[in-house]
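*Asks:* The structure under discussion is supplied below as structure tokens; questions concerning it will follow.
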Amino acid sequence: MSRVLNFSPGPATLPLPVLEEVRDELVDYKGTGISMLEHSHRGKAYDAVHEETIALLEELVGCKGTHEVLFVGAGATGQFAQVPMCWLSDGQKKADYVDTGAWSKKAYKAASFYGTPRWAGSGKEGEKYVRAPMDLDLDGDAEYVHLTSNATIMGVQYDAFPDVGGKPIVCDMSSDMLWKPIDAEKFGVIYAGAQKNLGPAGVCVVIVRKDVLGKMKKDVPDIFNYHLIAEKRSTQNTPPVFPIYVMNKVLNWVKAEGGPKAMEERNRAKGEVLYGAVDAHSDFYRCPVEKGSRSVMNAVFNLPSEDLEKKFIAEAAEQGMLNLKGHRSVGGIRVSMYNAMPIEGVQKLADFMGEFQKANG
Ligand SMILES: *Cc1c(COP(=O)(O)O)cnc(C)c1O
């Protein structure tokens, strides 16, 4: 077997035991004689997986009884549109958005088709995004405050969340869902494309607080109607059966490893190792993000030149450390280290960073 260290931002590395279980069950799922790829979404075998996955999310997020857990298609990008379509479109309602880069801009743009979004804060300084803003200029009439808990491209993450005066927070948690425990009660809607921290691509998890569900419009096409999705337990149409099945295994893995609390301890330890390597040579590795907002999921930094960045990526790849290239819009290096990335992997990269600096600094 020749697994490499995959630092991809998404689709991202999955826990090896999950992949091995999927492999073992692939052709004949638990003696049913059928693969999970072939099971009916209305049959017993899949239904048990589906219901258990909802229950696991309720337990790990801490939202049982208060929120509905839904599975939808079209990724987090679909939620950029569906939330305002269902919440803002009567009478051009307002919503506050916080700018932490490309993903928040896309969410804002989608909202502008249905309501009146407004920027309530920005993490940008000069050309770069440097912080997750805590001081927001909130509009009393806004229906909700939209945050991106982890800006995957910019490497900017909220550790604590800002005070929004009791307004429901709509939060894009695509790249840091379950990285640590959260206080679910603050969140009116949480959504996350699974392919970063939860599983494979193909399913988006949406968690809607019950009072917020009451605000969502019903006169939209059935497929976008949160009420129907909740009533039918996300099986109004064919759900992404296989991605949900794999996500179920990832969630079971998170639980067995000690849940979000254990994930947080590990993730903070990985962050210390990685940023320790950056700060040890801060004239060579330059992270644009302020210390309090540095993402422990996606660390971004630059080297003194683009040529050195290319060399860094090539030499790391030779040593089995892949997908370290920064997003095409910002360049540089990006190290994605979600829950499934072991600390040994981050340590190996940190050691390489030390050696690379010595040879090229
Ligand atoms: C990846 C990502 C998205 C887009 O997710 P899709 O599932 O591809 O639509 C949105 N927001 C954030 C923060 C992301 O990291």
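The values are calculated or read from the model by the stated rules, or taken from the named source; none is laboratory data. Keep in mind that this is a model prediction, so the values were computed, not measured. Glycine also receives a Cβ, built like all others from the backbone with ideal geometry; neighbour counts cover every protein chain displayed. Surface accessibility is based on the protein's heavy atoms, side chains included, excluding ligands, DNA and RNA. Shrake-Rupley method; radii C 1.70, N 1.55, O 1.52, S 1.80 Å.
*Asks:* If you check Ser234, Ser282, which single one turns out to be in contact (Cβ under 8 Å) with a residue 12 or more places away in the chain, hydroxyl-bearing (Ser, Thr, Tyr) and outside any helix (DSSP H, G or I)?
*Replies:* Numbers: Ser282 fails: in contact (Cβ under 8 Å) with a residue 12 or more places away in the chain.
One residue alone meets the criteria, Ser234.
*Asks:* Turning to a different aspect of this structure: Which condition does Gly202 not pass, out of (1) closer than 27 Å to Asp90 by Cα; (2) open to solvent by 30 Å² or more (accessible area, probe 1.4 Å); (3) small (Gly, Ala, Ser), if it passes all the others?
*Replies:* If we test Gly202 against (1) closer than 27 Å to Asp90 by Cα; (2) open to solvent by 30 Å² or more (accessible area, probe 1.4 Å); (3) small (Gly, Ala, Ser), just (1) comes out false.
*Asks:* Considering only residues that are open to solvent by 20 Å² or more (accessible area, probe 1.4 Å) and either touching a residue at least 40 places away in the same chain (Cβ under 8 Å) or over 26 Å from Tyr226 (Cα atoms) (or both), which ones fall in the stretch 86-118?
*Replies:* If the condition is that a residue be open to solvent by 20 Å² or more (accessible area, probe 1.4 Å) and either touching a residue at least 40 places away in the same chain (Cβ under 8 Å) or over 26 Å from Tyr226 (Cα atoms) (or both), then Ser89, Asp90, Lys93, Lys94, Ala102, Trp103 are the ones that fit.
*Asks:* Same structure, new question: Residues in the stretch 228-283 that are aliphatic (A, V, I, L, M), surrounded by fewer than 19 Cβ atoms within 10 Å (Cβ to Cβ) and under 18 Å from Leu198 (Cα atoms): how many?
*Replies:* 2
*Asks:* Considering only residues that are closer than 17 Å to Gly10 by Cα, open to solvent by 20 Å² or more (accessible area, probe 1.4 Å) and touching a helix residue (DSSP H, G or I) at 6+ places or on another chain (Cβ under 9 Å), which ones fall in the stretch 303-329?
*Replies:* Selection gives Leu322, Asn323, Lys325, His327, Ser329.
*Asks:* Would you mind finding the one in Ser2, Ser8 that is in a loop (DSSP other than H, G, I, E, B) and touching a Ser or Thr at 6+ places or on another chain (Cβ under 7 Å)?
*Replies:* Within the list Ser2, Ser8, the selection yields Ser8.
*Asks:* Please tell me if Lys348 is under 26 Å from Pro17 (Cβ atoms), in a helix (DSSP H, G or I), open to solvent by 10 Å² or more (accessible area, probe 1.4 Å) and at pLDDT 95 or above. I'd like the intermediate steps shown before the answer.
*Replies:* Numbers: under 26 Å from Pro17 (Cβ atoms): yes; in a helix (DSSP H, G or I): yes; open to solvent by 10 Å² or more (accessible area, probe 1.4 Å): yes; at pLDDT 95 or above: yes.
So Lys348 fits the description; yes.
*Asks:* On the basis of being hydroxyl-bearing (Ser, Thr, Tyr), within 16 Å of the ligand (Cβ to nearest atom) and at pLDDT 95 or above, does Ser8 make the cut?
*Replies:* yes
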